[in-house]
2 protein chains.
Amino acid sequence: MDEKLYYLTDKIDNDIKNDSLTEEEKNALCEEIKKLLPSGSIALAQINPVSGDVRGNALKALKWIDWANRLELAAVAFPEMYLVGYPIGDFIDRFPVIVEENIEWLKALALKTAETKVLIGFVEFNESKKGKKYYNSVAVLSNGRIEKIIRKTLLPNYAEFNDYRHFEPSAVDSSNRIVEIGSKRAGIIVCEDGWNDFDFFEKNLYSVDPVETVVNEEHPDYLINCSSSITRAKKEQLKHNMLSFAAKKYSTPIVYVNQVGSGECMSFEGASRVYDKNGNLLYMAKSYEEQFFIVNISEKTGKVYPLPKGLEKTLTEQKAFSLDHEPDLERTYLTIVQSIRDYFKKTGFKRAVLGLSGGLDSTVSAVLLADALGAENVFGLSMPSKITSAESKNDAKELAQNLGINFSEIPIKDMFDVTREKFDFTFGEIEKKWNCRYKESFTNDNIQARSRALILWGVANEFQACLPIATSDKSELYMGYATINGDMSGGFAPLADVSKTKLFALARWLNKNRHQKNAIPESIIAKRPGAELAINPKTGKPLLAEEALMPYEFLDEVIWRVENLQQTISDMMTEEFLYEKHMKEQNDPVSREQKFE
Amino acid sequence: MDEKLYYLTDKIDNDIKNDSLTEEEKNALCEEIKKLLPSGSIALAQINPVSGDVRGNALKALKWIDWANRLELAAVAFPEMYLVGYPIGDFIDRFPVIVEENIEWLKALALKTAETKVLIGFVEFNESKKGKKYYNSVAVLSNGRIEKIIRKTLLPNYAEFNDYRHFEPSAVDSSNRIVEIGSKRAGIIVCEDGWNDFDFFEKNLYSVDPVETVVNEEHPDYLINCSSSITRAKKEQLKHNMLSFAAKKYSTPIVYVNQVGSGECMSFEGASRVYDKNGNLLYMAKSYEEQFFIVNISEKTGKVYPLPKGLEKTLTEQKAFSLDHEPDLERTYLTIVQSIRDYFKKTGFKRAVLGLSGGLDSTVSAVLLADALGAENVFGLSMPSKITSAESKNDAKELAQNLGINFSEIPIKDMFDVTREKFDFTFGEIEKKWNCRYKESFTNDNIQARSRALILWGVANEFQACLPIATSDKSELYMGYATINGDMSGGFAPLADVSKTKLFALARWLNKNRHQKNAIPESIIAKRPGAELAINPKTGKPLLAEEALMPYEFLDEVIWRVENLQQTISDMMTEEFLYEKHMKEQNDPVSREQKFE
């Protein structure tokens, strides 16, 4: 469709967010847009719900429905379980009132509908004696009433998903899944219902494929999949291949509407889309933004907003480990920033306080927080101990200045000293009874990290709507190379799923691609990581993380193999690691020995 | 059966645990026992597995199988999923090697079987293209081979249970569920398979009842249910009623073998049993102990070990809130002690350190720890601040002396002062930028709890196999009336599911029923709870918890209504609470006002 349409619908997005248009302006905009719309056009409501805030979600939906009505669209489709928010977890078991509320609001929304069909995800009570308490359903609303209800068949119950805990699976019931939209018959699919093609997957979780059943039994003109489908490294290609495959296989266009936003430890990237009957991508909405996205399956070309860079990796490549994180960095950045922003907003927090050590973890955390919350809402505290180098202190300060976040330096030597003294006395007392004291201990090292967390939690207690940040990264969390009640402690952990090698790549990417170039001092990226909690007796310098652990390139491959290939130690012993290969290629046994030392 | 039998089989339990018998003694014991055994006798292996320790579980099972073989029993039945341990959670997804290992060990165990049938729970791979990766299965082993495999049909996926995440449900397949044991035909049921009677329950989670199917299609002489069924307040009566109901309804005896022990946040109480065809309880094994329990369904009378006191509440009574915790105290005590003991043992810890404030939470925690780990493995630290009363210090010391646990006093005034000073400076700095500082703050109060946790975690770092204990109770956790990185922080939280009113009752029960009477100083139980972190400006004395919150009798009913009736605030507003009723009954509006003040 005409590019101009999307310039105009951006104004709708803005109005939905800011109530920016008067009634007159709305009418004028409608007239202008309607001229560009072929009949049968539908809107994909790529929207960001708040889990549990049924009233808020419903009032928000109302604005979208109002615009769809004004434009006299054939339909507007919302994501799966939009009214209660997906995921909702055990809340609907503990507070069934949420479900009652979503039924009331569903009825209220129905009253606001006209000719335009509204497809909207909600939670339905299962009234029968047998089975689980709820269905995961999509309602079709029009002309002031609930026209029909479609129930999800396939209930994912792996990884982040626990649908089967709460919902009763429904038979496919093909004829009920058909909705007349304009002059076409659309078949409605609910998220996972579209993820079980027997030809596409090597192994299938379920014995039914609702897509196959609906297409073969009802021959719809196209399919609409109402989804809440999370983002994950390299999942985008899988999704694209799968949707394209099914559209082509059944020679049936597929409209896919996805949630956007983050909540309950999940992130949704939006990127709603349409595939034509040949499996070609015809439309794609924005990523990581709400969008009132108008599409038309009868068109030959549509608007394709670009995906964040690097989602083009093929499925096959998932199986190989790579230290080239480049392809996933933009997605990673956008996902974490969205997660921070939505977590704070949806839970009522506004400000973040974190320790700035001059190391990579706290540095990248600070950048992400500044971008998510606004620099003025971030407070970085440099809390040097006697081991902290002057360089680290300067790096922290420079970073804060570059980012424009608040900054202060609070030395903790006195806290350390008084605690250390306390420990000496306490441990002496205990040693009289327990003859099992460690000779070389990291106990004192931990005092520093725990004293810092004490200050951060104090700040969070003392200032309104403020959360302390846990800065540990994934590689160190895997190894336990982090301190309980220290850097592991906080209200949000932005790097908990970012490995160290990826973190380095992300830091360089941020310096190159953020609006503000080179905000991260090069010296922070250049230095080898260390917690600056202890001195290495061999070198007389602060102990480096890789001296305590192993090279990060090696560690991150171990983690990757555990997570992706479910390998055990003995599996790994027989395989060559990238790190080993690189060392071999260098053909320099001496340097290799040194690195491992 | 003869009482003497159980005196003799106690020796088997002892031999299994301690290898206490020589080959000669074993043979002599066997001869003696065999004289007492009617034909068709079977052993219920009420056993305590370690989740994930397949080799350990298998080697342990071997001892039980060996005894069953020696006694030439008709069968020995182990609990559900015994070989990998139940629950196993996502471990089998992340480390399928656990499942491979359990298949190897299953084959190895089969080689050790003779005429005696061995029924043993394990995890089976699902080799087909469709469905989840595993089955939750019971293998029947005999004469050196795997005779057959029975797969679980109903997969619980609510509350603590997540079976459906990992397992493919199986059709009931009645004929496959029949096993010839001696001269009888037994129908095998796997745990939840026995929990879906359409007449017994008002609402059913599943549309199939495997008990009904097996009985109607195969008419077995009796049923054996291999279970891993957790203990829960008042669940015992439900279990008893349900098993008795089914036995009577189908005029078919039911043998129920249950796991014992704790792990992965679940506790199993054992109490394996047999109901005759009239629904009468014929046998019941010990609770909270491993037992090689021999039963015979053809007997008229059997050994019934008593259940821990108070499990006799009826189902109906679950629906009313009561402040009479008495009926559940013995079960609560045994469950927590077993949970502490098994958690420490199964994760490799041995010692516990906790703060002793002289308050009820830390007091009851110390008693439970002493009973679970041995007094010599518990270290109580009194860590008074300037607010701590002399009485509290004395109470803590007296308690430690009574229990015989290690004790030391470490004043924290200096830690508090240095941190307080640090806070003043830090908050001043931040206030220049953020104009959102709280006027009246609990920030300083939290310093004390966090300084104490700093010491406890230091001790845990410094001494081998030592865990710090989080002492918060359920009522305070619900209210957030506890300190993050303070009393909420630890390696184990024994009271996390014990409400305050129950805690008072438990303290009195402990003083009356433990081997050591009145170990808890009466002054600790008599005083009203308070954290001694802050002074109440109105009274000039340390702020009491009920002054900051509400009366505990009231709070605990709120929690109960949320958990058991899923009530909302508006639901509760219209209902009369026990506390209100009591106040009314006192007919004394003045005292009521005072209590609420």
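Taking the criterion of being more than 15 Å from B:LYS248 (Cα to Cα) and away from chain A (no Cβ under 12 Å), the residues of the range B:196-217 that qualify are B:PRO210, B:THR213, B:VAL214, B:GLU217.
Looking only at the range B:569-588, residues that are over 22 Å from B:GLU476 (Cβ atoms) and either within 12 Å of chain A (Cβ to nearest Cβ) or of a type in the set (Phe, Trp, Tyr) (or both) come to 2 in all. Let me spell it out: the conditions are (1) without any contact (Cβ under 8 Å) to a residue 40 or more places away in the chain; (2) under 18 Å from A:VAL118 (Cβ atoms); (3) of a type in the set (A, V, I, L, M), and A:LEU36 meets all of them except one. Which number is the exception? Going through the list (1) without any contact (Cβ under 8 Å) to a residue 40 or more places away in the chain; (2) under 18 Å from A:VAL118 (Cβ atoms); (3) of a type in the set (A, V, I, L, M), A:LEU36 breaks only (2). Of note, A:ALA43 satisfies the criterion of being of a type in the set (Gly, Ala, Ser), within 30 Å of A:ASP221 (Cβ to Cβ) and at pLDDT 95 or above.
Residue-wise test of (1) surrounded by 16 or more Cβ atoms within 10 Å (Cβ to Cβ); (2) more than 9 Å from every other protein chain (Cβ to nearest Cβ); (3) under 26 Å from the mean Cα position of the chain (by Cα).
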position	(1), (2), (3)
B:ASP417	no, no, no
B:ASN435	no, yes, no
B:LYS439	no, yes, no
B:ILE447	yes, no, no
B:ARG452	yes, yes, no
B:SER472	yes, yes, yes
B:SER475	yes, yes, yes
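For A:VAL99, the criteria (1) at pLDDT 95 or above; (2) out of contact with any strand residue (DSSP E or B) (no Cβ under 9 Å at 6 or more places or on another chain) hold in every case but one, which is (2).
Of all the listed residues (B:ALA366, B:ALA352), the sole one being surrounded by 19 or more Cβ atoms within 10 Å (Cβ to Cβ) and either within 14 Å of chain A (Cβ to nearest Cβ) or farther than 25 Å from B:LYS474 by Cβ (or both) is B:ALA352.
Does A:GLU124 count as away from chain B (no Cβ under 14 Å) and among the acidic types (Asp, Glu)? When the stated conditions are applied, A:GLU124 passes them. When the range A:143-197 is limited to residues that are closer than 30 Å to B:PHE91 by Cα and among the β-branched types (Val, Ile, Thr), the one that is surrounded by the most Cβ atoms within 10 Å (Cβ to Cβ) turns out to be A:VAL190. Scanning the range A:393-415 for residues that are free of Cβ contacts under 8 Å to residues at least 40 places away in the same chain, more than 7 Å from every other protein chain (Cβ to nearest Cβ) and under 17 Å from A:GLN448 (Cβ atoms) gives A:LYS393, A:GLU409, A:PRO411, A:LYS413. Do we find that B:GLU429 is at the interface with chain A (Cβ under 9 Å from one of its Cβ atoms) and part of a helix (DSSP H, G or I) in this structure? Taking the combined requirement at face value, the residue satisfies it. Filtering the range B:134-153 to residues that are under 30 Å from A:PHE200 (Cα atoms), touching a helix residue (DSSP H, G or I) at 6+ places or on another chain (Cβ under 7 Å) and of a type in the set (D, E, K, R) leaves only B:LYS152.
It is to be established whether one or more residues within the range A:89-96 are in contact (Cβ under 8 Å) with a residue 60 or more places away in the chain, within 14 Å of another protein chain (Cβ to nearest Cβ) and in a loop (DSSP other than H, G, I, E, B). The answer is yes, given that some residue of the range A:89-96 is in contact (Cβ under 8 Å) with a residue 60 or more places away in the chain, within 14 Å of another protein chain (Cβ to nearest Cβ) and in a loop (DSSP other than H, G, I, E, B).
B:SER41 passes all but one of (1) more than 18 Å from B:PHE293 (Cα to Cα); (2) assigned by TED's automatic domain parsing to the domain that holds B:GLU264; which number fails? The single condition B:SER41 does not satisfy is (1).
Which of the residues spanning the range A:386-407 are buried (at least 19 other Cβ atoms within 10 Å of the Cβ), touching a Phe, Trp or Tyr at 6+ places or on another chain (Cβ under 9 Å) and not aliphatic (A, V, I, L, M)? Correct list: A:ASN406, A:PHE407. Condition check: without any contact (Cβ under 8 Å) to a residue 24 or more places away in the chain, of a type outside the set (Gly, Ala, Ser), crowded, with 16+ Cβ neighbours inside 10 Å and touching a Pro at 6+ places or on another chain (Cβ under 9 Å). Does B:LEU533 satisfy that? Spelling it out, it is not the case that B:LEU533 is without any contact (Cβ under 8 Å) to a residue 24 or more places away in the chain, of a type outside the set (Gly, Ala, Ser), crowded, with 16+ Cβ neighbours inside 10 Å and touching a Pro at 6+ places or on another chain (Cβ under 9 Å).
On the stretch given as the range A:332-370, residues that are touching a Lys or Arg at 6+ places or on another chain (Cβ under 8 Å) and at positive phi total 1. Per the listing A:GLU31, A:GLU80, A:GLU100, the residue uniquely part of a loop (DSSP other than H, G, I, E, B) and among the acidic types (Asp, Glu) is A:GLU80.
Selection within the range B:459-469: residues that are of a type outside the set (Val, Ile, Thr) and in a helix (DSSP H, G or I). The member of this set that is farthest from the other protein chains (Cβ to nearest Cβ) is B:ALA460. Taken together, the criteria exclude A:ASP66 from residues that are farther than 23 Å from A:ASN258 by Cβ, surrounded by fewer than 23 Cβ atoms within 10 Å (Cβ to Cβ) and either basic (Lys, Arg) or touching a residue at least 40 places away in the same chain (Cβ under 8 Å) (or both).
Of all residues in the range A:569-589, those satisfying the criterion of being surrounded by fewer than 16 Cβ atoms within 10 Å (Cβ to Cβ) and hydroxyl-bearing (Ser, Thr, Tyr) are A:SER570, A:THR574.
Against the definition (within 22 Å of A:PRO468 (Cβ to Cβ), modelled with pLDDT of 95 or more, of a type in the set (D, E, K, R) and not in a loop (DSSP other than H, G, I, E, B)), how does B:LYS422 come out, yes or no? Yes.
Do the conditions hold for B:LEU456, that is, is it more than 10 Å from every other protein chain (Cβ to nearest Cβ) and touching a residue at least 24 places away in the same chain (Cβ under 8 Å)? No, not satisfied. For the range A:358-395, a tally of residues being modelled with pLDDT under 95 and of a type in the set (S, T, N, Q) returns 5.
The values are calculated or read from the model by the stated rules, or taken from the named source; none is laboratory data. Given the structure is predicted, the values throughout are model-derived calculations rather than measurements. Don't worry about glycine lacking a Cβ; one is built from the backbone with ideal geometry, like all the others, and counts go over all protein chains shown.
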